[in-house]
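None of the figures in this text is laboratory data; all of them are computed from the coordinates on show. Source: prediction; values computed, not measured. For neighbour counting, all protein chains shown are included, and Cβ atoms are generated from backbone atoms with ideal geometry for every residue, glycine included.
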Amino acid sequence: MTPEGDGTLLKLGVNVLLPALIADTVLGNPLLTNASDLGFPPLLGFSIIVGSMGVVSLMLAPLRLPHQTSGAGIITAGVQNFGYLVIPLVEALFDRETLGILFLHNLGVEIAMWSIGVWVLARNQGGQAWKRIVNIPTVAILGSCLLNLVHANAWLPVVGRKALHMLGQAAIPLAILLTGATVYDQIRMSTQERPKYKALSLALLARMAVLPLLVLSIAKWVPMTKALQNVLVMQAAMPSAMMPLVICRHQLADSRFSMQIILFSSALGLVTIPLWIRFGMEMVSQ
């Protein structure tokens, strides 16, 4: 993989493979066939991500960072890991109902990340910023949910569904490869830029301390089911997600700063994840 080829693979992943994965996951999912069940968990997931990005924005604002850097920090520190790491943990600690609620919650997280998150990175482009929100992954999420409500999985051609499944299965491996390639490119790249120690420290403080307390407070005081409470406890404990690094690369933001947040939060997570899970479970059970 060369840096020149990464751009083409990135477009393939964002515009083809990821939408295929979204459609393959949503179509035929019994948890997403009832419009009344699509409400609170996705809305809560969306609201928490938007609120989290707002908190990070306020914490980084006094530093007056360049837009590409502040935007990367906001979306990276503001979005917790909601897939690669948390899904196996939920499977191990809870029942299938909780895992299903996690998928519903993640629907709101995906919409927030690909709409508000992309707008944060592109907002300095004036009227063009809102055009970035209408991107293919966002359309795929909304379109797949609408198709699922009319039971499209039952009448779509089998060859089409199989193609979506096969393409979708390649989305996560390619995203991981691109994340690794981006990390490698950033590490080997010689730069005269001074490390952003203050910005990185504030972003990590937000991701690993301030935002977990915020999410656990919501789980404690907002009326919700026990399964959704458990999902929020797990989400509160997570480090930064990896997908924002791919989005920052796609939107020409400061992917180096994004990478640093992901790597350091993941390393700290080895210690903080079990502590936050234990503290969170005790907090919501009182």
Next on the checklist: Test of understanding: what is the full-extension gain from ALA170 to ALA154, defined as 0.36 nm times their sequence separation minus their Cα-Cα distance?
Outcome noted: 3.4 nm
Checklist outcome for this item: Under the rule rounded for a/c under 1.5, else prolate if a/b exceeds b/c, else oblate, using alpha carbon gyration tensor axes a ≥ b ≥ c, the range 1-83 is classed as oblate
Item to check | For the range 37-76, diffusion coefficient by Stokes-Einstein and Kirkwood Rh (Cα), 25 °C, 0.890 mPa s, µm²/s | outcome: 221
Next on the checklist: To make sure I understand, if each residue's beta carbon is the centre and we count other beta carbons within 10 Å, what order do ILE22, ILE273 fall in, fewest to most?
Outcome noted: ILE273, ILE22
Next on the checklist: Taking 22 Å as R0, compute the FRET efficiency from the Cβ-Cβ separation of VAL139 and THR8 and round it to 0.05.
Outcome noted: 0.55
Checklist entry - When Rg is the radius of gyration of the Cα atoms in the chain and Rh is its Kirkwood radius, what does Rg/Rh come to? => result 0.96
Checklist outcome for this item: Ordered by fewest other Cβ atoms within 10 Å, a rough proxy for footprinting exposure, ASP24, ASP95, ASP185 read ASP95, ASP185, ASP24
Checklist entry - Out of residues 5 or more away from GLN80 or on other chains, whose amide H comes under 5 Å of its own, with H placed 1.01 Å from N in the peptide plane? => result ALA241
Next on the checklist: Among the complete DSSP H segments of the chain, which ones combine at least 18 Å of alpha-carbon extent along their axis with a mean Kyte-Doolittle hydropathy of 1.6 or more?
Outcome noted: 40-60, 136-149
